Amino acid sequence: MSTSFNPTRPGHCGRWVPRTLWSILVLLVVSTGVFYWRPFWVVDRLTNAGLRLAGVTSSDVRLGTYRIHYLVGGKGKPLVLVHGLGGKAQDWAPMIPSLMRRGYRVYALDLLGFGKSDRPDVDYSITLQTQILRQFFNSQRLTQADLGGWSMGGWVALEFTLAHPELVRRLFVYDSAGIYFTRAFDPALFHPATVEQAQEFLGWLTPQASRIPRFFMRDMIREMRPEAWVVDRAMKSMATGADLLDGKLQGIQEPVLIAWGQRDILIPLACGAEMHREMPQSLFEVFDGCGHLAPVECVNRILPQTIRFLEAQPPLPAGTREIPQ
């Protein structure tokens with residue numbers, strides 16, 4: 001004898017559906033609460049999950065006495081990416097999967113003192129980070145690669161190319177440090193202690209700062225705290241001027257792309273113009289409406305231009321271009 005299905009009978013969906021809806025509601029409330037209190041933690045986990053799905057792996061390598069963390073993914077032409085001050089390898093997440101699909105084996109390392117790499121008691125100078133990058137090339141058996149750097153990472157990449165031109169096929173830098181300019185900000189800006197200070201810090205990085213909610217800023221303060229002393233040490237080292245590149249960039253003969261956010265107030269556009277003057281073979285591209293975080297907030301324009309630069313045969317001609325919104 002068969003029994004007809006009745007969703008209102010005890011033991012059927014009449015009891016199951018409300019329980020399921022209640023469970024979903026509780027999950028949504030908990031998830032919203034976690035995102036409100038720890039948005040950076042949530043974004044970090046989601047970003048890592050997306051990178052894993054794209055085929056990116058997380059690894060460590062011992063370089064002398066230091067443990068360096070890095071991300072790697074893809075097959076083909078080697079491409080090494082260097083993050084900026086207070087950053088980490090994951091900052092390149094918006095670009096890595098697309099570069100992998102274009103036939104690159106992408107390496108993005110956490111510089112010494114940042115991300116998941118060791119934080120020894122050292123000076124964190126550009127010279128030291130350049131040595132770390134050289135050791136990283138050796139560890140991965142890279143005899144030549146394309147190289148990209150962002151902000152302080154651009155400084156490291158430029159210094160590396162000067163010291164080891166045979167290892168770099170093409171070089172691109174985004175809103176790069178390395179050229180002297182009169183600093184308009186207090187170095188303490190890089191480790192804010194209050195929401196107001198965090199808002200000021202973000203205002204130097206992006207013209208979109210006013211759209212960022214306060215709960216993001218509270219969590220940002222928490223996330224930046226462990227590396228604050230490393231950032232201070234690096235800033236003091238940079239402030240000595242010992243590693244400045246003024247007057248040295250003529251030594252770079254490789255094809256170079258200099259990309260800059262037109263609204264970058266942290267590192268002035270004039271620094272990019274000076275780099276272009278010293279490297280007359282370079283292509284200087286200015287991205288309208290973008291700030292210092294151009295590789296993230298304007299990735300849909302910067303990434304295609306970067307790929308165009310890397311893949312052009314022969315190399316793109318030198319010059320200055322404005323990339324409109």
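The values are calculated or read from the model by the stated rules, or taken from the named source; none is laboratory data. Remember, it's a predicted structure, so these values are computed and weren't measured experimentally. Virtual Cβ from ideal backbone geometry, glycine too; neighbours counted across all protein chains shown.
Kindly establish whether Gln325 is at pLDDT below 95 and surrounded by fewer than 16 Cβ atoms within 10 Å (Cβ to Cβ). First the steps, then the outcome.
Values: at pLDDT below 95: yes; surrounded by fewer than 16 Cβ atoms within 10 Å (Cβ to Cβ): yes.
In short, yes.
Within the group Leu46, Leu111, which residue is of a type outside the set (Gly, Ala, Ser) and surrounded by 16 or more Cβ atoms within 10 Å (Cβ to Cβ)? Quick ask: steps written out before the conclusion?
Values: Leu46 fails: surrounded by 16 or more Cβ atoms within 10 Å (Cβ to Cβ).
Of the residues listed, the single one that is of a type outside the set (Gly, Ala, Ser) and surrounded by 16 or more Cβ atoms within 10 Å (Cβ to Cβ) is Leu111.
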- What's the number of the condition Leu158 fails, among (1) within 21 Å of Met100 (Cα to Cα); (2) crowded, with 23+ Cβ neighbours inside 10 Å? (1)
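Restricting to the stretch 238-274, and then to whatever is within 21 Å of the chain's Cα centre (by Cα) and assigned to a helix (DSSP H, G or I), can you tell me which residue is farthest from Leu128 (Cα to Cα)?
Narrowing the stretch 238-274 to residues within 21 Å of the chain's Cα centre (by Cα): 238, 256-269, 271-272.
Then keep just the ones that are assigned to a helix (DSSP H, G or I); that gives 238, 269, 271-272.
Working: Met238: 12, Leu269: 27, Cys271: 23, Gly272: 24 Å.
For the stretch 238-274, the residue satisfying everything is Leu269.
Report whether or not Leu142 is closer than 24 Å to Pro295 by Cα, in contact with a helix residue (DSSP H, G or I) (Cβ under 8 Å, 6 or more places away or on another chain), touching a residue at least 40 places away in the same chain (Cβ under 8 Å) and not basic (Lys, Arg).
On the way: closer than 24 Å to Pro295 by Cα: no; in contact with a helix residue (DSSP H, G or I) (Cβ under 8 Å, 6 or more places away or on another chain): yes; touching a residue at least 40 places away in the same chain (Cβ under 8 Å): yes; not basic (Lys, Arg): yes.
The answer is no for Leu142.
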- Task: Consider only pairs whose beta carbons are under 9 Å apart and that are at least six residues apart or on different chains; among these, list those whose first residue lies in the stretch 188-199 and is among the acidic types (Asp, Glu) and whose second residue is part of a helix (DSSP H, G or I).
- Result: Glu196/Met217
- Task: Kindly establish whether Thr206 is crowded, with 18+ Cβ neighbours inside 10 Å and hydroxyl-bearing (Ser, Thr, Tyr).
- Result: yes
- Note on the structure: Inside the stretch 170-198, the number of residues satisfying the requirement of being surrounded by fewer than 17 Cβ atoms within 10 Å (Cβ to Cβ) and more than 20 Å from Pro226 (Cβ to Cβ) is 8
- Sole exception among (1) at pLDDT below 95; (2) within 30 Å of Asp123 (Cβ to Cβ); (3) not in a loop (DSSP other than H, G, I, E, B) for Gln90, by number: (1)
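Please find, among Glu200, Glu166, the residue that is over 15 Å from Leu266 (Cα atoms) and acidic (Asp, Glu). Walk me through it before giving the result.
On the way: Glu200 fails: over 15 Å from Leu266 (Cα atoms).
Just a single option satisfies the conditions, and that option is Glu166.
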- Task: Please specify each residue of the stretch 35-90 satisfying the condition of being in contact with a strand residue (DSSP E or B) (Cβ under 9 Å, 6 or more places away or on another chain), within 30 Å of Pro213 (Cα to Cα) and of a type in the set (Lys, Arg).
- Result: Arg52, Lys88
- Note on the structure: Flagged pairs (Cβ under 6 angstrom, 6 or more apart or on separate chains; first in the stretch 32-54, more than 13 Å from Asp91 (Cα to Cα) and assigned to a helix (DSSP H, G or I); second at pLDDT 80 or above and of a type in the set (Asp, Glu)) are Pro39/Asp219
- Among (1) surrounded by 15 or more Cβ atoms within 10 Å (Cβ to Cβ); (2) touching a Pro at 6+ places or on another chain (Cβ under 7 Å); (3) over 25 Å from Gly289 (Cβ atoms); (4) hydrophobic (A, V, I, L, M, F, W, C), Leu147 falls short only on (2)
- Task: Collect the residues in the stretch 100-140 that are closer than 25 Å to Ala228 by Cα, hydroxyl-bearing (Ser, Thr, Tyr) and not in a helix (DSSP H, G or I), keeping them in residue-number order.
- Result: Ser117, Tyr124, Ser125
- Of the residues that make up the stretch 180-191, is at least one of a type outside the set (A, V, I, L, M) and in a helix (DSSP H, G or I)? yes
- Item | Identity of the residue in the stretch 275-299, modelled with pLDDT of 95 or more, of a type in the set (D, E, K, R) and assigned to a helix (DSSP H, G or I), that ends up surrounded by the fewest Cβ atoms within 10 Å (Cβ to Cβ) | Arg277
